[in-house]
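Here's the structure we're looking at; comments come further down.
The values are calculated or read from the model by the stated rules, or taken from the named source; none is laboratory data. Please read these numbers as outputs of a predicted model, since none were measured by experiment. Cβ placement follows ideal geometry from the backbone for every residue including glycine, while neighbour counts extend to all protein chains displayed.
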Amino acid sequence: MIVLGSTGSIGVNTLVIAKKFGLGIEVLVAGRNIELLNQQIKLTNPKKVIIANHEDLHKVNHSNVKAGEVAILEAIENSSSNLVVNALVGFTGLKPTLKALECGKKLALANKESLVAAGKFIDTTNIIPIDSEHFGLWYLYDKKKIIDSLVVTASGGSFRDFPLEKLQNVTVKEALNHPNWSMGNKITIDSATMTNKLFELIEARWLFNTTKCDAMIEPKSIIHALINFKDGSTTAHIANVSMQLPIAYAILDKVEDEILEKVDLLKVQNLEFKEIKSDRYPIWELKNELLTNENLGVVINSANDFAVAKFLAGEIRFLDISKIALHAIEKYHNLKITSTQDIFSINDEVKRYVMEMKL
């Protein structure tokens with residue numbers, strides 16, 4: 001198995017499942033958390049290790065270690081493993097996704113940006129989603145029944161109960177205080193703005209070939225996904241908060257053991273559902289346009305990448321993140337993309353545009 005993003009939350013949980021079921025690790029790919037990576041090397045004994053930066057090579061306790069994007073793509077192409085787990089964060093995950101599928105490998109995908117930016121060019125046949133929401137949809141999906149629409153749930157993020165009038169001046173520390181999950185900085189900010197859920201709807205659109213996708217807030221994060229059928233019935237996927245269940249189904253041939261503690265609905269007692277409103281989450285205004293215009297995923301991804309980085313650096317305010325994305329979509333709403341190469345050039349062009357934007 002090849003694990004891209006081994007030191008992130010998805011990667012860590014993947015290695016837990018791999019160890020539990022005795023699965024071998026051929027390649028570990030990590031970023032800058034060399035201390036954790038060295039612990040993982042000791043536990044998994046991979047054949048090859050790849051990191052982000054050449055200057056950190058000497059810190060890695062492995063005899064076969066390289067750095068950079070090219071090394072990742074070469075490792076995928078030259079590996080004997082048939083399974084690639086892509087848990088890289090951001091646009092950097094796209095080329096490894098394309099390479100894994102080009103090589104005919106099974107892809108356990110947690111990198112949202114791959115399908116968000118380039119879904120129209122990706123054959124999803126060999127993809128198994130390991131986001132909890134898409135896994136929930138996959139788990140429920142029944143081709144024998146006529147499906148009407150798909151629904152994923154959202155926690156609501158750090159500011160789901162925050163006074164609206166105070167959102168403009170929230171701090172980075174407050175934004176990173178997620179109520180339900182422990183995640184990386186970028187995805188936590190994306191959860192707070194609801195951009196993460198927009199990305200998940202775009203993913204669902206490509207994974208399940210429908211634009212009839214929506215989301216709602218379920219604060220306890222016990223229900224992850226629902227499917228509405230034409231007959232008027234609805235099914236829901238209910239599971240405790242853990243990524244290990246979707247990971248297990250993605251990397252094991254068959255799941256026969258208990259992965260999570262079962263949900264005790266008597267203890268849960270009450271479940272609450274809330275509408276996602278654009279007064280709290282301004283970026284939600286883009287939902288329908290992003291689902292119906294297959295060319296705009298790369299635009300919102302690029303603009304959001306830039307905006308989140310600026311917010312985390314303390315250079316813009318929280319609500320400016322959504323403003324930047326909205327302006328970018330308005331600018332590029334007539335965009336036409338005809339190849340994967342266009343994806344990369346448009347990504348760069350949008351970054352230049354938002355960099356010069358006056359808020």
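When PHE318 is tested against (1) surrounded by fewer than 16 Cβ atoms within 10 Å (Cβ to Cβ); (2) under 20 Å from ASN185 (Cβ atoms), just one condition goes unmet, and that condition is (1).
A quick yes/no check of all residues on (1) in a helix (DSSP H, G or I); (2) touching a helix residue (DSSP H, G or I) at 6+ places or on another chain (Cβ under 6 Å); (3) within 24 Å of LYS220 (Cα to Cα); (4) in the same structural domain as LYS173 (by TED's automatic domain parsing):
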{"residue": "PHE306", "(1), (2), (3), (4)": "yes, yes, no, no"}
{"residue": "LYS310", "(1), (2), (3), (4)": "yes, no, no, no"}
{"residue": "GLY314", "(1), (2), (3), (4)": "no, no, no, no"}
{"residue": "ASP342", "(1), (2), (3), (4)": "yes, no, no, no"}
{"residue": "ARG352", "(1), (2), (3), (4)": "yes, no, no, no"}
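How about region 1-32: which of its residues are in a loop (DSSP other than H, G, I, E, B), in contact (Cβ under 8 Å) with a residue 12 or more places away in the chain and out of contact with any strand residue (DSSP E or B) (no Cβ under 8 Å at 6 or more places or on another chain)? Correct list: THR7, GLY8, PHE21, LEU23, GLY24. Within region 249-273, being under 24 Å from the mean Cα position of the chain (by Cα) and among the hydrophobic types (A, V, I, L, M, F, W, C) holds for ALA250, ILE251, LEU252, VAL255, ILE259, LEU260, PHE273. Of the set (1) of a type outside the set (A, V, I, L, M); (2) over 27 Å from THR7 (Cα atoms); (3) in contact with an Asp or Glu (Cβ under 8 Å, 6 or more places away or on another chain), all apply to SER158 but (2). Assess whether ALA52 counts as being among the small types (Gly, Ala, Ser) and within 21 Å of the chain's Cα centre (by Cα). Spelling it out, ALA52 is indeed among the small types (Gly, Ala, Ser) and within 21 Å of the chain's Cα centre (by Cα). Restrict the check to region 226-242 and report whether at least one residue is acidic (Asp, Glu) and loosely packed, with under 13 Cβ neighbours inside 10 Å. Yes: region 226-242 contains one or more residues that are acidic (Asp, Glu) and loosely packed, with under 13 Cβ neighbours inside 10 Å. Could you tell me which residue of region 176-206 is farthest from PHE159 (Cα to Cα), considering only residues that are among the aliphatic types (A, V, I, L, M) and surrounded by fewer than 24 Cβ atoms within 10 Å (Cβ to Cβ)? Checked region 176-206; the qualifying residue farthest from PHE159 (Cα to Cα) is LEU201.
Among the residues of region 102-125, the ones that are closer than 21 Å to ILE25 by Cα and in contact with a helix residue (DSSP H, G or I) (Cβ under 6 Å, 6 or more places away or on another chain) come to 6 in all. Summed over region 266-282, residues that are surrounded by 12 or more Cβ atoms within 10 Å (Cβ to Cβ) and either in contact with a Phe, Trp or Tyr (Cβ under 8 Å, 6 or more places away or on another chain) or more than 12 Å from ILE223 (Cβ to Cβ) (or both) total 7.
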